[in-house]
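To start, the structure itself, in structure tokens.
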């Protein structure tokens, strides 16, 4: 198969392989440099332990990613807990819902955009006054779900079951790799990954990449990139491998 564009995959270690394989099968030259690392919490905070101990009191449970399922269910099961009967479970996307099936859970999914906003648009999350909702997520990140559900009258807690960290790279290393690998397009699958990219680039290095094509997972991240000065920003339908590949193929690189 003919060689096509040189693509930088920035997914975290452990989850990048399927996307890399799909790109290679399509003839792209693939390089990896994670812009986000995921780590299990060294120890549970009192707030997390409290959420797990009171698990039976929640009416709704939201998993914001596949990583939230992986780490969150591990924390729950290690705590000797089980989910309450009748609890309504939500997933940010079909891939996350599929992972929940392995635990015998059927989840209601957000829309095709796979964002907090599309999840909040679900009819079943409009009238939640007086209900207890637990959001399973990583440490930090956006507060849109918590804030909006709270404004609708729900009592919202967060089970932050893993840490997201920026990779520790030597000064100039990321820019050197992009140049050495002759990267034609960068695939970014989260806003945090984009922010970490800026952290790992000097201002001068960032300016040199302003015209480099970026494929991003949402309107929100696209706006972040444009606000930062990038001019070749292409918005995929969501952060899935399929959506990323579809947008890349549209560019015909």
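Values for this structure:
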quantity	calculated
Close pairs from the range 138-158: first in the same structural domain as residue 54 (by TED's automatic domain parsing), partner outside any helix (DSSP H, G or I) and surrounded by fewer than 14 Cβ atoms within 10 Å (Cβ to Cβ), Cβ under 6 Å, at least 6 apart	153/129
Answer from 156, 221 - the residue that is closer than 27 Å to residue 243 by Cα, surrounded by 16 or more Cβ atoms within 10 Å (Cβ to Cβ) and under 22 Å from the mean Cα position of the chain (by Cα)	221
Within the range 105-146, tally of residues that are on the phi > 0 side of the Ramachandran plot and touching a helix residue (DSSP H, G or I) at 6+ places or on another chain (Cβ under 6 Å)	0
Yes/no for residue 196 being in contact (Cβ under 8 Å) with a residue 40 or more places away in the chain and in a loop (DSSP other than H, G, I, E, B)	no
Helices (runs of 4 or more DSSP H) enclosed by the range 15-104 - at least 2 residues per element that are in the same structural domain as residue 179 (by TED's automatic domain parsing) and either under 21 Å from the mean Cα position of the chain (by Cα) or within 28 Å of residue 130 (Cβ to Cβ) (or both)	17-25
Members of the range 147-183 that are over 25 Å from residue 119 (Cβ atoms), in contact with a helix residue (DSSP H, G or I) (Cβ under 6 Å, 6 or more places away or on another chain) and not in a helix (DSSP H, G or I)	166, 169
Output for the range 121-135, where each listed residue is surrounded by 16 or more Cβ atoms within 10 Å (Cβ to Cβ) and either modelled with pLDDT under 95 or in a loop (DSSP other than H, G, I, E, B) (or both)	128, 131
Tally of residues being at pLDDT 90 or above and crowded, with 18+ Cβ neighbours inside 10 Å across the range 76-92	3
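The values are calculated or read from the model by the stated rules, or taken from the named source; none is laboratory data. All values reported here derive from a predicted model rather than from experimental measurement. Quick reminder, even Gly has a Cβ in these numbers, built from the backbone with ideal geometry, and neighbours come from all protein chains shown.
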